[in-house]
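Working notes, beginning with the structure itself.
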Amino acid sequence: MRYYNSLIFISFLTSNVYAAPPTIKCWTNESGVKECGSAIPPQYASQGHKEMNTKGEIVKQVGHEKSAEERKALVEQEQKALESQKHSKEQEVQDRKLLDLYPSESDIEAAKNGKLESIKASVDVTQKQLDFYLLSLKEAEKTINLPGLKKEEKVKLETHIVTLKEQINKFQQSIDHKKKESEAAIKEYDDYLLRYREIKRRVMSEKMSAPINKPNSTTSPKQ
């Protein structure tokens, strides 16, 4: 029995030795006045507080309980961070493709010039067709006004003129579309060139800031 009591007594002493030192909790009341005590009143529990030891040193800072608006803002912030990270990874993939496709600036310029030449050739062909139909329309409108033209011939010419105008309109729309395509191609390849230069500057900057591996001074030179 004495042995059992001794164990209880030793256990009690040990628990006191390793017990955490007492702390003082400080909060701000509804009047903006700082108050301190061993426990925080329930009405101030969600506002956050500081905990100090007996020496007056702050040992813990407990944040206030976040409101619904603050929690929503945190969620939105996390979503934006994830989207930014996703965008960065996608941009990295696109950058690698760009460098693989165009090893140099001259390759980008050559690709742009090739694209523009192809569009110009298509426009030239369509323009020749348009000129032919415009000339045909001019002749048809001149003919339909000739005196003594039979009624059935005039009807045929009117139908022909309508067809010519429809085709002319299609050719003109095609040329306008090709011109816009040319402008878009210029912007596309100019953007490629700007991005290419930006990538190269970043790579060069990373190389310049990379630590230089100096040779080991303890290694004796070969004879």
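The values are calculated or read from the model by the stated rules, or taken from the named source; none is laboratory data. Bear in mind the structure is a predicted one, so any value in this text is a computation, not a measurement. Ideal geometry is used to build each Cβ from the backbone, glycine not excepted, and the neighbour counts take in all protein chains shown.
Numbers for the structure displayed
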quantity: Which numbered condition Thr54 misses (of (1) among the polar types (S, T, N, Q); (2) exposed (fewer than 12 other Cβ atoms within 10 Å of the Cβ); (3) not assigned by TED's automatic domain parsing to the domain that holds Thr23); calculated: (3)
quantity: Residue that is surrounded by 10 or more Cβ atoms within 10 Å (Cβ to Cβ), part of a helix (DSSP H, G or I) and in the same structural domain as Leu194 (by TED's automatic domain parsing), where the choices are Gln43, Gln85, Gln129; calculated: Gln129
quantity: Qualifying residues in the range 80-94 (those that are polar (S, T, N, Q) and closer than 13 Å to Ile199 by Cβ) - the one farthest from the chain's Cα centre (by Cα); calculated: Gln94
quantity: Candidates Ile212, Ile144 - the one that is closer than 30 Å to Arg96 by Cα, at pLDDT below 95 and of a type outside the set (S, T, N, Q); calculated: Ile212
quantity: Identity of the residue in the range 95-115, part of a helix (DSSP H, G or I) and touching a helix residue (DSSP H, G or I) at 6+ places or on another chain (Cβ under 7 Å), that ends up farthest from Arg195 (Cα to Cα); calculated: Lys115
quantity: From the options Ser136, Ser182, residue that is surrounded by 13 or more Cβ atoms within 10 Å (Cβ to Cβ), farther than 30 Å from Leu98 by Cβ and touching a helix residue (DSSP H, G or I) at 6+ places or on another chain (Cβ under 7 Å); calculated: Ser136
